Ligand code: MN
(Lines give C-alpha, C1' and ligand atoms only; values in the text may rest on other atoms or scores of the structure.)
Protein backbone atom coordinates (compact mmCIF):
# COMPACT_ATOMS: atom_id res chain seq x y z
CA UNK A 1 0.00 0.00 0.00
CA UNK A 2 1.34 3.38 -0.97
CA UNK A 3 1.45 5.76 1.98
CA UNK A 4 2.09 9.46 1.43
CA UNK A 5 3.00 11.79 4.30
CA UNK A 6 1.74 15.33 3.76
CA UNK A 7 2.87 18.31 5.81
CA UNK A 8 3.36 22.07 5.42
CA UNK A 9 4.53 25.19 7.23
CA UNK A 10 1.29 27.18 7.02
CA UNK A 11 -0.47 25.06 9.63
CA UNK A 12 -2.88 22.14 9.66
CA UNK A 13 -5.87 24.31 8.71
CA UNK A 14 -4.23 25.96 5.69
CA UNK A 15 -6.25 25.73 2.46
CA UNK A 16 -3.14 24.73 0.47
CA UNK A 17 -2.77 21.63 2.63
CA UNK A 18 -6.40 20.64 2.09
CA UNK A 19 -6.09 21.01 -1.69
CA UNK A 20 -2.92 18.90 -1.68
CA UNK A 21 -4.55 16.23 0.50
CA UNK A 22 -7.53 15.99 -1.86
CA UNK A 23 -5.30 15.70 -4.96
CA UNK A 24 -2.96 13.08 -3.50
CA UNK A 25 -5.76 10.83 -2.18
CA UNK A 26 -6.02 9.45 -5.71
CA UNK A 27 -2.49 8.01 -5.40
CA UNK A 28 -2.66 6.14 -2.09
CA UNK A 29 -3.23 6.48 1.62
CA UNK A 30 -2.50 10.07 2.67
CA UNK A 31 -1.56 10.86 6.26
CA UNK A 32 -1.31 14.51 7.28
CA UNK A 33 1.00 15.51 10.11
CA UNK A 34 1.27 19.29 10.14
CA UNK A 35 2.05 22.13 12.55
CA UNK A 36 -0.94 23.25 14.63
CA UNK A 37 -0.16 26.87 13.71
CA UNK A 38 1.79 28.71 11.04
CA UNK A 39 5.53 28.04 10.96
CA UNK A 40 6.55 29.92 7.82
CA UNK A 41 10.26 30.84 7.66
CA UNK A 42 10.98 28.33 10.44
CA UNK A 43 13.60 26.78 8.18
CA UNK A 44 14.89 23.40 9.35
CA UNK A 45 14.46 24.05 13.06
CA UNK A 46 13.86 21.19 15.43
CA UNK A 47 12.14 21.53 18.83
CA UNK A 48 14.34 20.02 21.50
CA UNK A 49 13.45 21.79 24.74
CA UNK A 50 9.78 20.94 25.18
CA UNK A 51 7.58 17.92 24.39
CA UNK A 52 5.69 17.51 21.11
CA UNK A 53 2.12 16.30 21.24
CA UNK A 54 0.23 15.08 18.17
CA UNK A 55 -3.50 15.79 18.30
CA UNK A 56 -5.83 13.76 16.09
CA UNK A 57 -8.01 16.03 13.97
CA UNK A 58 -10.07 13.10 12.71
CA UNK A 59 -9.26 10.58 9.99
CA UNK A 60 -5.57 10.50 9.20
CA UNK A 61 -4.92 14.13 10.09
CA UNK A 62 -2.72 15.13 13.02
CA UNK A 63 -1.68 18.54 14.35
CA UNK A 64 1.64 18.88 16.16
CA UNK A 65 2.75 21.78 18.37
CA UNK A 66 6.04 22.11 16.52
CA UNK A 67 7.83 22.89 13.28
CA UNK A 68 7.51 21.18 9.88
CA UNK A 69 10.74 19.31 10.62
CA UNK A 70 9.30 18.13 13.96
CA UNK A 71 6.20 16.90 12.11
CA UNK A 72 8.16 14.75 9.65
CA UNK A 73 10.48 13.50 12.39
CA UNK A 74 7.71 12.22 14.66
CA UNK A 75 5.39 11.17 11.83
CA UNK A 76 7.87 8.65 10.48
CA UNK A 77 8.14 5.70 12.82
CA UNK A 78 5.92 7.16 15.57
CA UNK A 79 2.60 8.32 14.12
CA UNK A 80 2.97 6.22 10.96
CA UNK A 81 4.21 2.71 11.61
CA UNK A 82 5.45 1.95 8.11
CA UNK A 83 7.90 4.22 6.29
CA UNK A 84 5.94 6.41 3.84
CA UNK A 85 6.72 6.05 0.14
CA UNK A 86 6.75 9.82 -0.31
CA UNK A 87 6.77 13.08 1.66
CA UNK A 88 4.98 16.04 0.08
CA UNK A 89 5.13 19.46 1.75
CA UNK A 90 2.78 22.30 0.86
CA UNK A 91 1.04 23.74 -0.93
CA UNK A 92 2.72 26.86 0.44
CA UNK A 93 0.93 30.17 0.07
CA UNK A 94 3.78 31.96 -1.64
CA UNK A 95 6.81 31.02 -3.70
CA UNK A 96 9.93 29.33 -2.37
CA UNK A 97 12.40 30.58 -4.96
CA UNK A 98 16.13 31.23 -5.04
CA UNK A 99 17.81 32.08 -1.74
CA UNK A 100 14.47 32.03 0.07
CA UNK A 101 14.66 28.24 -0.03
CA UNK A 102 17.07 28.47 2.91
CA UNK A 103 14.41 30.11 5.13
CA UNK A 104 11.59 27.87 4.00
CA UNK A 105 9.75 25.59 6.41
CA UNK A 106 8.01 24.03 3.40
CA UNK A 107 11.28 22.99 1.78
CA UNK A 108 12.78 21.98 5.13
CA UNK A 109 10.06 19.39 5.67
CA UNK A 110 11.13 17.87 2.34
CA UNK A 111 14.76 18.09 3.48
CA UNK A 112 13.85 16.09 6.59
CA UNK A 113 12.10 13.48 4.46
CA UNK A 114 15.19 13.23 2.26
CA UNK A 115 17.45 12.83 5.31
CA UNK A 116 15.23 9.92 6.38
CA UNK A 117 15.74 8.35 2.95
CA UNK A 118 12.20 9.05 1.68
CA UNK A 119 11.67 10.69 -1.73
CA UNK A 120 10.37 14.19 -0.99
CA UNK A 121 8.68 17.06 -2.81
CA UNK A 122 8.07 20.67 -1.75
CA UNK A 123 5.24 22.54 -3.51
CA UNK A 124 4.51 26.26 -3.46
CA UNK A 125 2.27 28.68 -5.32
CA UNK A 126 4.43 31.54 -6.55
CA UNK A 127 2.44 34.76 -6.55
CA UNK A 128 0.28 36.92 -4.35
CA UNK A 129 -3.33 37.51 -3.48
CA UNK A 130 -5.94 34.82 -3.91
CA UNK A 131 -3.92 31.66 -4.18
CA UNK A 132 -4.90 29.04 -6.72
CA UNK A 133 -4.02 25.88 -4.83
CA UNK A 134 -5.84 23.58 -7.25
CA UNK A 135 -3.40 24.16 -10.12
CA UNK A 136 -0.41 23.54 -7.84
CA UNK A 137 -2.06 20.45 -6.31
CA UNK A 138 -2.71 19.01 -9.74
CA UNK A 139 0.98 19.34 -10.64
CA UNK A 140 1.95 18.00 -7.19
CA UNK A 141 -0.12 14.93 -7.95
CA UNK A 142 1.45 14.47 -11.40
CA UNK A 143 4.99 14.80 -10.04
CA UNK A 144 4.20 12.55 -7.04
CA UNK A 145 2.89 9.86 -9.35
CA UNK A 146 6.15 9.92 -11.27
CA UNK A 147 8.32 9.91 -8.14
CA UNK A 148 6.37 6.91 -6.82
CA UNK A 149 7.09 5.06 -10.07
CA UNK A 150 10.66 6.16 -10.74
CA UNK A 151 12.08 7.36 -7.40
CA UNK A 152 14.53 10.23 -7.02
CA UNK A 153 18.34 10.38 -6.98
CA UNK A 154 19.71 9.76 -3.47
CA UNK A 155 20.00 12.86 -1.28
CA UNK A 156 17.96 15.01 -3.68
CA UNK A 157 14.52 16.56 -3.21
CA UNK A 158 12.38 18.41 -5.71
CA UNK A 159 11.37 22.01 -5.05
CA UNK A 160 8.38 22.86 -7.23
CA UNK A 161 6.93 26.34 -7.68
CA UNK A 162 3.68 26.76 -9.59
CA UNK A 163 2.47 30.10 -10.99
CA UNK A 164 -0.65 31.45 -9.27
CA UNK A 165 -2.96 30.99 -12.27
CA UNK A 166 -5.74 28.76 -13.54
CA UNK A 167 -4.65 25.40 -14.91
CA UNK A 168 -5.19 26.36 -18.57
CA UNK A 169 -2.91 29.41 -18.18
CA UNK A 170 0.14 27.26 -17.33
CA UNK A 171 2.66 27.38 -20.22
CA UNK A 172 4.40 24.10 -19.34
CA UNK A 173 7.05 22.72 -16.99
CA UNK A 174 10.73 23.69 -16.77
CA UNK A 175 13.58 22.06 -14.87
CA UNK A 176 15.46 24.95 -13.30
CA UNK A 177 18.35 26.08 -11.11
CA UNK A 178 17.97 28.00 -7.87
CA UNK A 179 17.93 31.73 -8.61
CA UNK A 180 19.50 34.56 -6.68
CA UNK A 181 17.58 37.37 -5.00
CA UNK A 182 18.86 40.92 -5.12
CA UNK A 183 18.91 42.17 -1.55
CA UNK A 184 16.08 44.68 -1.32
CA UNK A 185 16.48 45.82 2.29
CA UNK A 186 12.88 44.98 3.17
CA UNK A 187 13.31 45.80 6.86
CA UNK A 188 10.97 48.41 8.29
CA UNK A 189 12.06 50.63 11.15
CA UNK A 190 9.30 51.29 13.66
CA UNK A 191 9.05 52.58 17.22
CA UNK A 192 7.31 51.03 20.21
CA UNK A 193 5.07 53.15 22.50
CA UNK A 194 8.17 54.03 24.58
CA UNK A 195 10.08 55.34 21.59
CA UNK A 196 12.43 52.40 21.27
CA UNK A 197 13.42 51.43 17.77
CA UNK A 198 12.20 48.12 16.30
CA UNK A 199 13.01 46.34 13.10
CA UNK A 200 10.41 44.33 11.24
CA UNK A 201 11.67 41.92 8.58
CA UNK A 202 9.50 41.16 5.55
CA UNK A 203 7.32 42.78 2.94
CA UNK A 204 8.65 44.40 -0.17
CA UNK A 205 8.71 42.85 -3.60
CA UNK A 206 11.70 40.61 -4.21
CA UNK A 207 13.90 41.39 -7.20
CA UNK A 208 15.85 38.62 -8.86
CA UNK A 209 19.10 38.48 -10.74
CA UNK A 210 18.62 37.67 -14.40
CA UNK A 211 19.20 34.09 -15.49
CA UNK A 212 17.34 32.19 -18.19
CA UNK A 213 17.34 28.86 -16.41
CA UNK A 214 16.33 29.97 -12.92
CA UNK A 215 13.25 29.05 -10.90
CA UNK A 216 12.14 32.68 -10.78
CA UNK A 217 12.51 33.14 -14.54
CA UNK A 218 10.33 30.07 -15.18
CA UNK A 219 7.40 31.06 -12.93
CA UNK A 220 7.56 34.66 -14.12
CA UNK A 221 6.89 33.37 -17.63
CA UNK A 222 4.05 31.12 -16.56
CA UNK A 223 5.92 27.81 -16.32
CA UNK A 224 5.92 25.35 -13.44
CA UNK A 225 9.47 25.31 -12.04
CA UNK A 226 11.04 22.11 -10.71
CA UNK A 227 14.47 22.50 -9.09
CA UNK A 228 16.39 19.46 -7.86
CA UNK A 229 17.91 20.43 -4.50
CA UNK A 230 20.65 18.37 -2.96
CA UNK A 231 21.37 18.07 0.73
CA UNK A 232 25.13 17.83 0.27
CA UNK A 233 25.99 21.54 0.51
CA UNK A 234 29.64 20.91 -0.34
CA UNK A 235 30.84 22.92 -3.31
CA UNK A 236 33.10 20.45 -5.09
CA UNK A 237 34.60 23.08 -7.38
CA UNK A 238 35.58 25.17 -4.36
CA UNK A 239 36.95 22.08 -2.64
CA UNK A 240 39.32 21.55 -5.54
CA UNK A 241 40.18 25.24 -5.49
CA UNK A 242 41.11 25.05 -1.79
CA UNK A 243 43.14 21.90 -2.35
CA UNK A 244 45.24 23.60 -5.02
CA UNK A 245 45.26 27.36 -4.35
CA UNK A 246 45.39 27.02 -0.57
CA UNK A 247 47.86 24.15 -0.51
CA UNK A 248 50.43 26.21 1.40
CA UNK A 249 47.87 26.64 4.18
CA UNK A 250 47.96 22.94 5.05
MN1 MN B 1 4.43 29.13 4.51
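Across the range 21-38, the qualifying residues are those that are within 13 Å of the ligand (Cβ to nearest atom) and under 24 Å from residue 139 (Cα atoms), and the one among them that is surrounded by the most Cβ atoms within 10 Å (Cβ to Cβ) is 34.
Determine, yes or no, whether residue 179 is in contact (Cβ under 8 Å) with a residue 24 or more places away in the chain and on the phi > 0 side of the Ramachandran plot. Against the criterion (in contact (Cβ under 8 Å) with a residue 24 or more places away in the chain and on the phi > 0 side of the Ramachandran plot), residue 179 does not qualify. Considered as a group, the residues in the range 204-226 that are free of Cβ contacts under 8 Å to residues at least 60 places away in the same chain and touching a strand residue (DSSP E or B) at 6+ places or on another chain (Cβ under 7 Å) include one that is nearest to residue 135 (Cα to Cα), and that residue is 222.
Within the range 1-44, the set of residues being in contact (Cβ under 8 Å) with a residue 60 or more places away in the chain, part of a loop (DSSP other than H, G, I, E, B) and more than 20 Å from residue 80 (Cα to Cα) comprises 10, 14, 39, 40, 41, 42, 43, 44.
Among the residues of this structure, residue 89 does not count as one that is in a helix (DSSP H, G or I) and touching a residue at least 40 places away in the same chain (Cβ under 8 Å).
Going through the range 96-120 one residue at a time, which ones are in a loop (DSSP other than H, G, I, E, B), within 15 Å of the ligand (Cβ to nearest atom) and either buried (at least 24 other Cβ atoms within 10 Å of the Cβ) or free of Cβ contacts under 8 Å to residues at least 40 places away in the same chain (or both)? Give the steps one after another, and end with the answer.
Within the range 96-120, the first condition is being in a loop (DSSP other than H, G, I, E, B), and the residues that meet it are 96-97, 103-104, 116-119.
Then drop every residue that is not within 15 Å of the ligand (Cβ to nearest atom), which leaves 96-97, 103-104.
Scanning the range 96-120 gives 96, 97, 104.
Where in the range 157-250 are there strands (runs of 3 or more DSSP E), lying wholly inside it, with at least 2 residues that are within 29 Å of residue 119 (Cβ to Cβ)? In the range 157-250, the matching strands (runs of 3 or more DSSP E) lie at 172-175, 223-230. Identify, please: which residue in the range 78-93 is farther than 16 Å from residue 2 by Cα and buried (at least 20 other Cβ atoms within 10 Å of the Cβ) and is, among those, nearest to the ligand (Cβ to nearest atom)? Looking at the filtered set, the residue picked out is 92.
Sort through 123, 156 and tell me the only one that's under 15 Å from the mean Cα position of the chain (by Cα), surrounded by fewer than 20 Cβ atoms within 10 Å (Cβ to Cβ) and at pLDDT 95 or above. Before you say what the answer is, go through the steps one by one.
Working: 123 fails: surrounded by fewer than 20 Cβ atoms within 10 Å (Cβ to Cβ).
So the residue among 123, 156 that is under 15 Å from the mean Cα position of the chain (by Cα), surrounded by fewer than 20 Cβ atoms within 10 Å (Cβ to Cβ) and at pLDDT 95 or above is 156.
Mind listing whichever residues of the range 61-77 are part of a loop (DSSP other than H, G, I, E, B) and buried (at least 22 other Cβ atoms within 10 Å of the Cβ)? Within the range 61-77, 66, 67 meet the criteria. Of all the listed residues (169, 243, 197), the sole one being surrounded by 10 or more Cβ atoms within 10 Å (Cβ to Cβ), out of contact with any helix residue (DSSP H, G or I) (no Cβ under 9 Å at 6 or more places or on another chain) and more than 26 Å from residue 102 (Cα to Cα) is 243.
The values are calculated or read from the model by the stated rules, or taken from the named source; none is laboratory data. Please read these numbers as outputs of a predicted model, since none were measured by experiment. When we count neighbours, we look across all protein chains shown, and the Cβ atoms used for this are built from the backbone with ideal geometry, even at glycine.
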